[in-house]
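These notes concern the structure reproduced below.
The values are calculated or read from the model by the stated rules, or taken from the named source; none is laboratory data. Since we're looking at a predicted model, the values are computed, not measured. Glycine also receives a Cβ, built like all others from the backbone with ideal geometry; neighbour counts cover every protein chain displayed. Ligands, DNA and RNA are stripped out before the accessible areas are found, and what is left, the full protein with its side chains, is counted by its heavy atoms. Shrake-Rupley method; radii C 1.70, N 1.55, O 1.52, S 1.80 Å.
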Amino acid sequence: IMSFIGTLISIIKPFIIGFILAFIFNIPMKYFIKKLPIENDKTRKLISAILSVLLVMLVIAIVIMVVLPQVIENVRTLIDNLPEIFKQIEEWLNYFLKEVKISPDIMTKVEEFQQTLGQTILSKLSTWVPGIALGVSHFTTGVINIFMGFVMAIYMLFSKDKLMRQVKRVGKAFLTEKQFYHATDVAQLTSSTFENFLAGQLTESVIIGVLCYIGCILLDIPYASIAAVVIGFTNIIPYFGPIIGAFISSVLIVFVSPMKAVIFLIFSTLLQQFESNVVGNSVGLSALWVLFAVSAGGGLFGIPGMIFGLPTFSVIYELLRRWTNHRLNQKKQLSKAALESQ
């Protein structure tokens with residue numbers, strides 16, 4: 001069953017990507033619909049959809065034109081510094097082995113490990129070649145899926161009203177009036193929760209990434225653009241994302257300057273404190289439930305689960321809260337009726 005579900009998801013992955021992108025495009029589209037001074041409703045929605053797509057494409061173009069050259073330059077510098085980094089690691093290991101008193105048995109095992117490491121890597125290279133080819137194939141498939149999803153997202157955005165009418169017709173045909181009302185209520189709650197979460201996280205990630213880049217430039221921290229991109233992207237993951245991003249970036253920086261790595265960790269911690277109060281408020285959960293949702297989602301579905309587990313749990317939490325209040329009100333009314341009958 002799980003294999004069949006996995007195959008089905010891989011087939012409809014472009015539709016899933018398109019739906020997510022259309023949902024993101026719809027956020028600025030709703031703003032344009034409210035603000036554009038156009039009386040004709042259909043024309044206003046059409047222009048709003050066009051402006052929304054152009055806005056997202058403009059943001060992507062700016063990121064590519066401004067950030068990508070800096071990232072490429074930093075990656076090139078990192079590759080050039082790899083021999084020096086490996087040499088630094090070797091010096092640290094030698095210093096550690098020299099200063100720390102280690103038993104002869106452990107030293108013998110370390111020397112054996114050093115001798116066999118190179119041979120193991122060479123022997124594994126032949127087995128890595130098919131894996132690399134498979135990775136390239138998956139990357140190509142991913143690019144094609146994203147492109148198809150982008151096209152489908154544009155179609156969904158321009159056909160949003162028609163698609164909504166079709167979904168409502170199917171719901172009314174197969175559900176009772178009460179069931180249709182509850183399904184519509186849950187759909188509206190889910191839409192607003194995910195919309196607030198995505199809008200808040202994406203905006204916050206851009207702001208944190210820009211602030212991280214400016215701070216790294218001012219503090220003269222190496223690999224500033226890579227650190228900013230990593231911090232910005234990982235910040236999409238609530239709570240744990242900034243920690244992961246800070247760790248990855250500091251590992252790169254420590255080989256250039258350990259002191260700069262410490263400064264970067266302090267700076268990134270201050271950034272995390274700056275953004276920590278926004279995440280829980282965007283979905284209406286306390287910090288404890290945010291941690292639970294992210295941990296559970298990550299444990300079940302990996303990184304996508306860490307990202308979307310929080311708004312999903314928020315919807316479940318709100319539905320349970322409503323159901324609990326409804327049950328308590330029912331019991332209160334029954335108790336009141338029983339007292340009045342006596």
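Quick rundown of the values:
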quantity: For peptides 244-253, 304-313, sequence by mean Cβ density within 10 Å, most packed first; calculated: 304-313, 244-253
quantity: Relative contact order [Cα under 8 Å, 6+ residues apart], the range 139-233, whole percent; calculated: 18
quantity: The range 190-342 - percent of accessible surface contributed by carbon and sulfur, probe 1.4 Å; calculated: 72
quantity: Cross-link pairs beyond the 21 Å C-alpha cut-off, checked among 13/45; 13/178; 178/332; 42/160; 87/260; calculated: 13/45; 13/178; 178/332
